[in-house]
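The values are calculated or read from the model by the stated rules, or taken from the named source; none is laboratory data. These numbers come from a predicted model, not from an experiment. When we count neighbours, we look across all protein chains shown, and the Cβ atoms used for this are built from the backbone with ideal geometry, even at glycine. Heads up: the accessible areas ignore ligands, DNA and RNA and are worked out on the full protein's heavy atoms, side chains in. Shrake-Rupley method; radii C 1.70, N 1.55, O 1.52, S 1.80 Å.
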Amino acid sequence: MIKRLTDYSLRWSPNRRVVVIGVGLVCLLALAAATAFLTSRDGHPDTGAGAAAPSPAHSSATPTGQPSSWSGPVAGPPRISDPVEFAKAAAKMLWSYDTRTTSQAQHLTGMRAWMTKEDEYGDWASVAAQIPDPVLWSRMADQEQHATATIAEGHYPAAFKQALAEDPAAITKAYIYAVTVTGKQTITWAKGGSGAEDRSVTLAVQCRPSTDCSLVAIAPRVAP
């Protein structure tokens, strides 16, 4: 059977992880131990995978949930200023694909539209690692494999909430939040084959004041 798209392990490249994730908070380092979300960068505190229980200290002029102007084979990022809601939309995008109508390159291009434009924080490798290489994608297309997703809930990981409570100002450097999302993915392939399984993922999303959220990275492990 063709290996499922989401069976691919999520990996953070060491170089990008150093850039994305900051140091300085003991509790953030504890989260790193669980999710590889936090590493050091030049000895300066950063909040590359930061998350907070309170709502972001900003609002967007764009109505929550309004779709972006992006049009393509992959759903475009919604214009949302709330980290949890954006992360839920991003997880749904990550767990959805259609090899019948979309090439591997097209799918990657669509996913890229979700990424932060701040290259010093974005870890594209951790996102792109979900997608099989073109050869395997083609084999999946031969089986007409496609998937949809439903989202159950999203929340800030406990370790991050604790860390931010101890240093509320830490988030204001990069405004990057960690959000764990759970849901279900339904996969269908040729000749009536189908299956469904529960999914969970911890994402880093950036939501600067008065700016729509964007995707930063995907953790290699899920943070509770």
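When the stretch 70-112 is filtered for residues that are part of a loop (DSSP other than H, G, I, E, B) and closer than 19 Å to Ser210 by Cα, the ones remaining, listed by number, are Pro77, Ile80, Ser81, Asp82.
Identify, please: which residue in the stretch 97-115 is hydrophobic (A, V, I, L, M, F, W, C) and free of Cβ contacts under 8 Å to residues at least 40 places away in the same chain and is, among those, most open to solvent (accessible area, probe 1.4 Å)? Only one residue fits best here, namely Ala105. Summed over the stretch 135-146, residues that are among the hydrophobic types (A, V, I, L, M, F, W, C) and open to solvent by 30 Å² or more (accessible area, probe 1.4 Å) total 2. I want to confirm something. Restricting to the stretch 85-123 and keeping residues that are touching a helix residue (DSSP H, G or I) at 6+ places or on another chain (Cβ under 7 Å) and of a type in the set (Phe, Trp, Tyr), which single residue is modelled with the highest pLDDT? The extreme case among them is Trp114.
Within the stretch 189-200, residues that are closer than 21 Å to Arg100 by Cβ sit with their Cβ atoms under 9 Å from residues that are of a type in the set (Lys, Arg) and not in a strand (DSSP E or B), at 6+ positions apart or across chains, in these pairs: Gly195/Arg4; Glu197/Arg4.
Restricting attention to the stretch 116-134, the residues being open to solvent by 60 Å² or more (accessible area, probe 1.4 Å), under 18 Å from Val74 (Cα atoms) and in a loop (DSSP other than H, G, I, E, B) number 1.
For residues in the stretch 169-224 being assigned to a loop (DSSP other than H, G, I, E, B) and among the charged types (D, E, K, R), which is most open to solvent (accessible area, probe 1.4 Å)? Going through the qualifying residues, I end up with Arg221. For Ile176, the conditions (1) of a type in the set (A, V, I, L, M, F, W, C); (2) touching a Leu at 6+ places or on another chain (Cβ under 7 Å); (3) closer than 16 Å to Ser214 by Cβ are fulfilled apart from (2). Restricting the first member to the stretch 78-96 and to residues that are within 15 Å of Ala178 (Cβ to Cβ) and open to solvent by 10 Å² or more (accessible area, probe 1.4 Å), and the second to residues that are among the β-branched types (Val, Ile, Thr) and in a loop (DSSP other than H, G, I, E, B), the beta-carbon pairs closer than 9 Å and six or more apart or on different chains are Asp82/Thr64; Glu85/Thr64.
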